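Right, one structure below, let's go through it.
None of the figures in this text is laboratory data; all of them are computed from the coordinates on show. Keep in mind that this is a model prediction, so the values were computed, not measured. Here the Cβ positions follow ideal geometry from the backbone for every residue, glycine too, while neighbour counts run over all protein chains shown.
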Amino acid sequence: MTEPEEAHGAAGPSSAGSVVLDIGSATGALVLFAPADLDGAEIEISVAADLVARRTHSRVRKRGCAGSAAPPGRADTGPATDLRSGSVSYAAVYPGLTAGTYTIWRDPHTPAGTVEIGGGQVTTWHWPTAGALIGSPVCDLSLLCAAQKP
């Protein structure tokens with residue numbers, strides 16, 4: 001993770017529908033929800049099986065929500081995800097990832113956790129809070145991603 005605004009200057013909040021996700025049979029996407037204090041930080045990810053793999057990053061941005069109800073049988077998608085109309089979350093989006101396991105990096109040397117990206121779906125991951133175990137639970141946001149429009 002790099003400090004806010006370090007590499008590319010300040011980025012404002014994104015508007016609804018401003019992110020395009022490139023997903024297909026062998027490609028998925030990741031929405032990484034983060035606390036507000038990481039707004040502007042660039043969070044790096046890499047293929048988990050390769051310790052020297054090239055890393056990619058995405059900037060945490062404030063994202064507004066047009067609103068959506070949870071799908072039947074799913075009352076909640078996680079503590080940091082609020083999909084009510086007018087709600088705000090902070091998230092980094094990785095739009096076109098080859099299916100597989102990825103390491104999410106807290107800093108250049110410390111992993112924050114891992115996430116499994118499936119082809120043809122959007123996966124969410126929540127940045128660990130203070131005292132949380134590394135490897136926070138992952139939930140599938142594929143039913144909600146179109147409604148949230150990060």
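Values for this structure:
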read-out	value
Radius 14 Å from Cβ of PRO111, net charge of other residues (Lys, Arg +1; Asp, Glu -1)	-1
Amide H partners (placed H, <5 Å) of ALA112, local residues excluded	ILE104, TRP105, ARG106
Charge tally in the Cβ shell below 12 Å around ALA48, where Lys, Arg are +1 and Asp, Glu are -1, ALA48 excluded	-1
Footprinting exposure proxy for TRP125, TRP105 (fewest neighbouring C-beta atoms within 10 Å first)	TRP105, TRP125
Taking ASP39, ASP22 and counting other C-beta atoms within 10 Å, the order from fewest to most	ASP22, ASP39
Segment 20-58 and segment 101-122: distance between their alpha carbon centers, rounded to Å	7 Å
